[in-house]
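*Asks:* If you scroll down you'll find the structure; I have some questions about it.
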Amino acid sequence: MLKFTHVVFDVDGTLVDSRMSALGSLQQVVGEYTGMIPPIEDLYFSTGIPGENALRQLGITDPAALVRWRELAGKLADQITVFPGIVETLERLQRLGCTLGIVSSRERGEYADEVTPLGLDPFFPVRILVEDTEQHKPEPEPMLEYLRRTEAAPGETLYVGDTIYDMRCALGAGVDFAFATWGAGQAFAGAPHVLWQPEEIIPLAQGV
């Protein structure tokens with residue numbers, strides 16, 4: 001018997017390694033707008049929140065900056081890869097009877113251009129992206145929207161993510177959370193579950 005009938009994933013830093021695409025391009029945008037190129041580690045905070053919010057926190061409010069960031073990230077999209085062990089884990093979860101989903105701060109266009117080509121979409125019948133809610137992570141609304149669409153019970157749903165924004169979104173919606181350390185740019189405390197490899201999701205879903 002499954003402990004979690006729904007296992008929901010963040011995308012960047014959890015399913016796919018997009019650090020060079022997302023952060024390398026952001027680094028370049030910041031350099032263009034400020035004249036200073038920040039260290040990559042100073043940009044880790046931007047993972048998991050909408051791009052507009054990340055730029056605002058960096059003091060960049062020009063709407064053209066977001067367009068420029070998307071343009072540069074698109075040029076680096078071929079550097080995005082699926083983390084080792086992810087596909088095998090998704091296949092095993094499906095065989096166990098888990099319904100899989102996505103809750104991400106990606107916009108639909110960039111998701112289609114950069115993530116869909118990696119071949120993961122068939123695993124995820126429901127994908128909640130930034131256009132689907134008015135509020136975004138760390139607010140719980142994206143996860144609540146997933147629960148609404150799927151009629152999943154919060155107590156039977158697990159969210160797997162790599163940032164504190166993911167954890168706050170999950171717990172705010174009454175959903176359990178597992179910290180995917182393999183793609184995390186920054187460690188944080190308080191996660192109910194800590195995972196070191198994707199395959200560790202299997203016994204967690206089973207309640208072993």
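The values are calculated or read from the model by the stated rules, or taken from the named source; none is laboratory data. Values in this document were obtained by computation on a predicted structure and should not be read as measured data. As a convention, Cβ positions derive from the backbone with ideal geometry for all residues, glycine included, and neighbour counts pool all protein chains shown. Quick note on the areas: whole protein, heavy atoms, side chains included, nothing else; ligands and nucleic acids left out. Shrake-Rupley method; radii C 1.70, N 1.55, O 1.52, S 1.80 Å.
*Asks:* Per DSSP H run of n ≥ 4, the term is -39500 (n - 2.57); total these for the chain, divide by its residue number, and report the mean residue ellipticity at 222 nm rounded to 500 deg cm²/dmol.
*Replies:* Rounded to the nearest 500, it is -11000 deg cm²/dmol.
*Asks:* First compute the accessible area of region 69-201 with a 1.4 Å probe, then give the percent of it belonging to carbon and sulfur atoms.
*Replies:* 49
*Asks:* Of (1) 28, 20, 19; (2) 32, 19, 13; (3) 29, 17, 16, which is the value of semi-axes √(5λ) of the Cα gyration tensor in Å derived from the coordinates here?
*Replies:* (3)
*Asks:* Leaving out ligands and nucleic acids, and using a 1.4 Å probe, what accessible area per residue does the chain come to in Å²?
*Replies:* Dividing the accessible area of the chain by its residue count gives 46 Å².
*Asks:* For the chain, with a Gaussian network of springs between Cα atoms less than 10 Å apart, report the residue from 49, 164, 37 with the top mean-square fluctuation.
*Replies:* Of 49, 164, 37, the Gaussian network model singles out 37 as fluctuating most.
*Asks:* Moving on. Full-extension gain between residue 196 and residue 34, please, as 0.36 nm times their residue separation minus the C-alpha to C-alpha distance.
*Replies:* 54.6 nm
*Asks:* According to a simple spin-label model (label point 7 Å from Cα along Cα-to-Cβ), what is the distance in nm between residue 189 and residue 77?
*Replies:* 4.1
*Asks:* Also: Compute the FRET efficiency between residue 53 and residue 92 as 1/(1 + (r/R0)^6), taking r as their Cβ-Cβ distance and R0 = 25 Å, and round to the nearest 0.05.
*Replies:* My answer for the efficiency is 0.15.
*Asks:* If you add up the charges near residue 87, with Lys and Arg at +1 and Asp and Glu at -1, over every other residue whose beta carbon is less than 14 angstrom from its beta carbon, what do you get?
*Replies:* So the environment of residue 87 carries a net charge of -3.
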